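Right, one structure below, let's go through it.
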Amino acid sequence: MADLVWARGYTDPAWARLHTTSGRELVPSRRVWRGSGDSSALPTASAGALDGLTFTGPYGGSLTLTELLARAETDALLVMHRGLLVHEEYLHGYEPHVPHFNASAAKSYLGLVAAVLAHEGQLDRGTQVAKIVPELAGTAFGDAQVDHLLHMGTRMSYAGRPYDKALEAQRYFAILAPQLRPYGYTGPATIREHLATARATGEPGGEFRYENGNVEALAEVLRRVTSTTTSSLLSEMIWSRIGAEEDAYYLLDSEGSEAACGGFSATARDLARLGEMVRCGGAIGDRQIVPETVASTIVSGVPDGYPHRVRFPAAPPGAPATLSYHDLWWIPNDPHGSFMASGIHGQRLFISPALDLVIVHYASQIVSPAVPQIPLVQAFLKIGTHLCG
């Protein structure tokens, strides 16, 4: 099981625990190489740092940490505070060395790569996408600028049908995995073919719309400007430099293109290393991995010009009235300068510089109107303030 991607079921956790179906068992994948060096240490603090904490549940009331994790269908929770691993917990048979599906949290890692390339002058945020990827000319993404993709600033419909976010997400997964296609499916068979069907329904930059196609178009832009695959690019720029213990993986479509918007898997420990590097201004010790300017302006660098402050549809009760979105990172606008990578079913990389906090949360939450979502952000902030004393 050491090299399997943990991807539990989308609707029935009990079924998932029995089968532990691997994304890499369903479709091809490509590794994000950890490099040839030694893994970096994750120094630990004494156990019990979170003992006695209680949290507000989705209907009010009080939950212990154990109860909270059970309600959240948590597979892993790692908490780092001031560079020390103060809590590490695995549930449902998930193991520390097994890569876990990150879902849309993967978008933020690609955003980090793009921001570094822009900082280094290899990527011009203001360039029209079609000038870099001519095949996207005439599509909603080809007509947009690179910066529009980084901020979900396009409006589109696919194949002439009215836009429906849930339906388009299902169709995207059907592109990747033929097993998920309905009987008689005749739609696109690759990510490239899917993007080619997108037509603009509004001017780019005029409105925020969270849509996977922006990220897939951005991934192709980065492949063109660097002449390398998404997997190799992430390995070269970040993964091989953070002291990862394990390779990460991207799922591939039938043409060999990475599913950049959500097909990424990595261990919780390695994701904690990534988060700690970003929290520390892009550095690990005296080694600068990501330019300090890039790491430190994820929150403060939110540009004007788009409606970046948006209400996330799944924001739990008590969440800030608005969220910001910058370079594919979510920004809760709390007093601590926090930001996060967020994926469906409970995948989170939460970074709070003022609280000296990094939290990795992996889960397989059921997504249904009948199942209340656990207020994870509020729980993370309570953990951080508790640890700060």
(message) Along the Cα→Cβ direction, 7 angstrom out, place labels at residue 284 and residue 159. What is the inter-label distance in nm?
(response) 4.3 nm
(request) Apply 1/(1 + (r/R0)^6) to the Cβ-Cβ distance of residue 97 and residue 70, taking R0 = 30 Å, and write down the FRET efficiency to the nearest 0.05. (result) 0.80
(message) For a test of the definition: using alpha carbon positions, the gyration tensor, and the 1.5 limit on a/c, classify the chain as rounded, prolate or oblate.
(response) rounded
(message) Considering only C-alpha atoms, what is the centroid distance from segment 71-93 to segment 154-172, in Å?
(response) 35 Å
(message) For segment 82-166, place one equal point scatterer on every Cα, skip the solvent, and apply the Debye formula. What is log10 of I(q)/I(0) at q = 0.25 Å⁻¹?
(response) -1.31
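Using a 1.4 angstrom probe on the protein heavy atoms only, could you order 131, 107 from most to least accessible area? Before the final figure, lay out the partial values.
On the way: 131 160, 107 0 Å².
Descending accessible area places them as 131, 107.
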(message) Just want the answer: with Cβ charges of +1 for Lys and Arg and -1 for Asp and Glu, which residue in 118, 103, 138 is farthest toward the dipole's positive end in segment 43-180?
(response) 138
(request) Report the paramagnetic label zone for residue 367: residues of segment 172-204 whose backbone N is under 13 Å from a point 7 Å from Cα along the Cα-to-Cβ axis. (result) 172-174
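Report the extension gain between residue 49 and residue 292 in nm, rounded to one decimal, defined as 0.36 nm multiplied by the number of residues separating them, less their alpha carbon distance.
Numbers: separation 243, 0.36 × 243 = 87.48 nm, distance 3.00 nm.
Additional length available on full extension: 84.5 nm.
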(message) Can you tell me which lysines have their Cα less than 20 Å from the Cα of residue 165? Leave out same-chain residues fewer than eight positions away.
(response) 107
(message) Which order do the peptides 96-105, 253-262 come out in when sorted by mean C-beta neighbours inside 10 angstrom, highest first?
(response) 96-105, 253-262
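Quick one: net charge of residue 243's neighbours, Cβ under 12 Å, K/R +1, D/E -1?
Numbers: positive: 34, 241, 269, 273, 287; negative: 38, 245, 246, 270, 276.
Net local charge, residue 243 excluded: 0.
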(message) Output wanted: per-residue J couplings in Hz (rounded whole) for segment 236-249, from phi through Karplus 6.51 cos²θ - 1.76 cosθ + 1.60, θ = phi - 60°, x for Gly and Pro.
(response) 5, 8, 9, 4, 7, 10, 9, x, 4, 7, 10, 5, 9, 8
(request) Leaving ligands, DNA and RNA out of it, work out the accessible area of residue 56 with a 1.4 Å probe and give it in Å² to the nearest 10. (result) 90 Å²
(message) Using a probe radius of 1.4 Å on heavy atoms only, what accessible surface per residue do you get for the chain? Whole Å² is fine.
(response) 40 Å²
(request) Just read off the accessible area of residue 292 with the full protein assembly in place, 1.4 Å probe, to the nearest 10 Å². (result) 90 Å²
(request) Please give the length that would be gained between residue 179 and residue 236 if that part of the chain were fully extended, namely 0.36 nm times their separation in residues minus their C-alpha to C-alpha distance (nm, one decimal). (result) 17.3 nm
(request) Report residue 201's accessible area, 1.4 Å probe, all protein chains in place, as a number in Å² to the nearest 10. (result) 80 Å²
(request) Run the dipole for segment 37-194 about the Cα centre, Lys and Arg Cβ at +1, Asp and Glu Cβ at -1, nothing else charged, and hand back the magnitude in debye, nearest 20. (result) 620 debye
(message) With a 1.4 Å probe and all protein chains left in place, how much of the accessible area of the chain comes from carbon and sulfur atoms, in whole percent?
(response) 53 percent
(request) Would you please give the FRET efficiency between residue 33 and residue 62, computed as 1/(1 + (r/R0)^6) with r the Cβ-Cβ distance and R0 = 45 Å, to the nearest 0.05? (result) 0.50
(message) Just to check I understand the Karplus step: with θ = phi - 60° and J = 6.51 cos²θ - 1.76 cosθ + 1.60, what whole-Hz values come out for segment 324-330, glycine and proline as x?
(response) 10, 9, 9, 6, 6, 10, 8
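The values are calculated or read from the model by the stated rules, or taken from the named source; none is laboratory data. Please read these numbers as outputs of a predicted model, since none were measured by experiment. Every residue, glycine among them, receives a Cβ derived from its backbone with ideal geometry; neighbour counts consider all protein chains shown. Accessible surface is based on the protein model in full, side chains and every heavy atom, while ligands, DNA and RNA are left aside. Shrake-Rupley method; radii C 1.70, N 1.55, O 1.52, S 1.80 Å.
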